[in-house]
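Worksheet: the structure to be examined is printed underneath.
The values are calculated or read from the model by the stated rules, or taken from the named source; none is laboratory data. The structure presented is a predicted model; accordingly, all values stated were derived computationally and were not measured. Cβ placement follows ideal geometry from the backbone for every residue including glycine, while neighbour counts extend to all protein chains displayed. Areas reflect the complete protein model, heavy atoms only, side chains present, ligands, DNA and RNA absent. Shrake-Rupley method; radii C 1.70, N 1.55, O 1.52, S 1.80 Å.
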Amino acid sequence: MFPSISLAQEIGLAVLFVAALVWVAGLGHMLWDSRFHQPETGAVEALPMIPAQRTSAAHPMESVQLTEAEEQAFAGLIRTIPLH
């Protein structure tokens, strides 16, 4: 095909060209499918986006008992956070 390149280079060029065509076809197919896909309304309404906040009594592993020194240190830490 090209007199200045070897047969192995021509085969590599052909494989690269076919791989690029397959990639472009796959990308076009993916974009075409996503363009016309409409999500089901029932599935979206059934699931809440953000789950409800649990109370501290929901599970014993979700709460920690702090000592008085830890509570004071935490309160001091909170006071250092700027609230702008």
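Miscellaneous remarks
- Cβ-Cβ distances below 9 Å connect the following pairs, each with a first residue in the range 14-26 that is open to solvent by less than 90 Å² (accessible area, probe 1.4 Å), a second residue that is outside any helix (DSSP H, G or I), and a separation of six or more residues or different chains: Ala14/Met1.
- Taken over the range 1-16, the criterion of being outside any helix (DSSP H, G or I), of a type outside the set (Gly, Ala, Ser) and within 45 Å of the chain's Cα centre (by Cα) is satisfied by Ile5 alone.
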